[in-house]
């Protein structure tokens with residue numbers, strides 16, 4: 001009975017609003033009741049944000065205090081979608097107390113989520129890649145092997161722009177791109193190379209060079225085998 005009374009009340013209210021007869025108004029209300037509501041449109045917040053951003057929710061939340069959904073909401077509210085990369089990172093650092101490296105990572109992830117760049121693409125349009133490999137040798141031994149470029153790099157002849165022993169090397173690559181190599185001590189008998197190449201013209205070229213560096217870093221590993 002309560003449902004019937006509610007239906008009559010709503011039908012009469014509709015009659016006043018639309019000028020329909022009671023029967024017509026009641027029929028329209030019953031039809032709406034039977035028709036399932038349309039599915040809500042998918043939004044970017046319903047997507048797998050971690051996959052788009054390229055870093056897990058757990059890692060981001062552990063280091064920054066927010067997951068990707070929360071960061072997207074916060075940055076949207078700050079108008080970040082219309083800001084350049086450096087300004088977004090600065091706001092994260094100054095306004096949210098996010099450490100420098102993580103401010104960059106959150107900025108890149110947010111830009112990917114909002115379609116401002118593809119994975120592997122810089123905000124300005126060029127592409128970049130990163131590659132790393134850990135070796136079971138001390139840092140000094142790894143760096144010494146790295147210096148024997150002809151033995152693991154082959155015929156490529158990059159120009160050294162800047163070098164700091166056992167810390168970093170910056171190359172001007174023959175194709176006009178920039179390569180940065182960083183060395184990290186991971187223990188007494190373990191060290192790591194991290195490599196970044198920027199300024200690549202397409203995603204296909206970035207994929208090609210990522211495979212190339214995978215091969216070259218494996219070749220470097222052959223030099224330090226014991």
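Just so you know, all these numbers are worked out from the coordinates, no wet-lab data involved. Please read these numbers as outputs of a predicted model, since none were measured by experiment. In this analysis, Cβ positions are derived from the backbone assuming ideal geometry, glycine residues included, and neighbour counts consider all displayed protein chains.
Brief remarks on what is shown
- Going by neighbour counts of Cβ atoms within 10 Å, the residues 171, 152, 101 line up, fewest first, as 101, 152, 171.
- Potential lengthening of the chain between residue 118 and residue 10 amounts to 33.8 nm, from the contour at 0.36 nm per residue minus the alpha-carbon distance.
- Rel. contact order, % - alpha carbon contacts under 8 angstrom, at least six apart, the range 64-168: 16 percent
- Legend: Rg and Dmax of the range 92-226, from Cα coordinates, 16.3, 49 Å.
- Taking every alpha-carbon pair within the range 44-113, the share separated by more than 18 Å comes to 25 percent.
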